[in-house]
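Notes to accompany the following structure.
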């Protein structure tokens, strides 16, 4: 017996629609999941919606269960939490996280879902993919006890990094963002807040996540001599200029990239599944609820996505609700 579902598709850059889907019966080793919540990332996902994925990155930027191709039509997304309706006995009835697009039901291999730990609400678990990126960044950055750290950019990724850094003993963490409204979120996460012009310098480490040229340049300015910037931003098809002719060489600064597509070489003994399971465990902290600042029903996605992509709808993680 087949199952019906509905899915959100980017029909062309800037335009989305909901399409009907017929699902296959789950086979051996597969699960049928009914979605409870999904999340929209204001970073990568809105770049995809605007059609700003460079042609050279079309293969690299494919989501695990993407249908279609860039720039569209394409079904794209990777923050999904649901209930297993059919599948192996150990998973049936369990809430699970999956790197799946916005769709009411779906069939995937059982190995593609990760059980949500007891004590982590399903609506918070949609942040797992974002917290996973933060985990990988901190494996790359390797902060030390007592470090002076700035996180430049108070979006989903930056706030996730700041939330994890707040747990490190003896560190001074400052979230830096041009939006003064981020101060409230910083307070919930337990870190300092500053506007870019007021941020403390002399940092041992700066994690950059603003996806702006100005933010990356300011990150370099905040470093002490021989300090390091870890850049988490993805700029799509934009070219970014940096002031490398100033104190970059004389102060022996380091600029390194980090991204979630590869497990950090510093933790080569860990798998993707290990990293995602850790992210879900870390979501037991209720302070991370501060990262979900908007919510809509699934049926509203075609109207909501243009607003998220343009910035008219201000949100960190915008959650999509599938059941009333």
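Taken together, the values in this text are just the output of simple stated rules run on the coordinates, not laboratory data. These numbers were taken from a predicted model, which means no experiment stands behind them. Counting neighbours? That spans all protein chains shown, and the Cβs are built from the backbone with ideal geometry, glycine included.
Placing pseudo-labels 7 Å out from each Cα toward the beta carbon at residue 254 and residue 57 gives an inter-label distance of 2.4 nm.
Scoring 254-260, 315-321, 17-23 by mean Cβ neighbours within 10 Å over their residues and listing the highest first yields 315-321, 254-260, 17-23.
Spin-label model, residue 111/residue 188: points 7 Å from Cα along the beta carbon direction are separated by 3.7 nm.
Between residue 197 and residue 225, residue separation times 0.36 nm minus the direct Cα-Cα distance comes to 8.1 nm. Placing a label point 7 Å from the Cα of residue 179 along the Cα-to-Cβ direction, the residues of region 43-74 with a backbone N closer than 13 Å are 43. Here percent of Cα pairs over 33 Å apart was calculated from the structure, and among [x] 25; [y] 43; [z] 39 it sits at label [x].
Peptides 153-162, 192-201 ordered by packing proxy, namely the average of other Cβ atoms within 10 Å per residue, highest first: 153-162, 192-201.
Exposure proxy check: 177, 204 ranked by fewest other beta carbons within 10 Å? It would help to have the intermediate numbers written out before the result.
Details: 177 25, 204 19.
With the sparsest Cβ surroundings first, the list reads 204, 177.
Taking label points 7 Å from Cα along the Cα-to-Cβ direction, residue 34 and residue 241 give a separation of 5.6 nm.
Under the definition of Cα pairs under 8 Å and six or more residues apart, what whole-number percent is the relative contact order of the chain?
Details: 725 pairs, mean separation 63.6, N = 324.
Normalised by residue count, the contact order of the chain is 20 percent.
Taking 0.36 nm per residue of separation and subtracting the current Cα-Cα distance, fully stretching the chain between residue 12 and residue 269 would add 88.5 nm.
Equivalent-ellipsoid semi-axes for region 130-264 (Cα gyration tensor, √(5λ), whole Å, largest first): 20, 17, 16.
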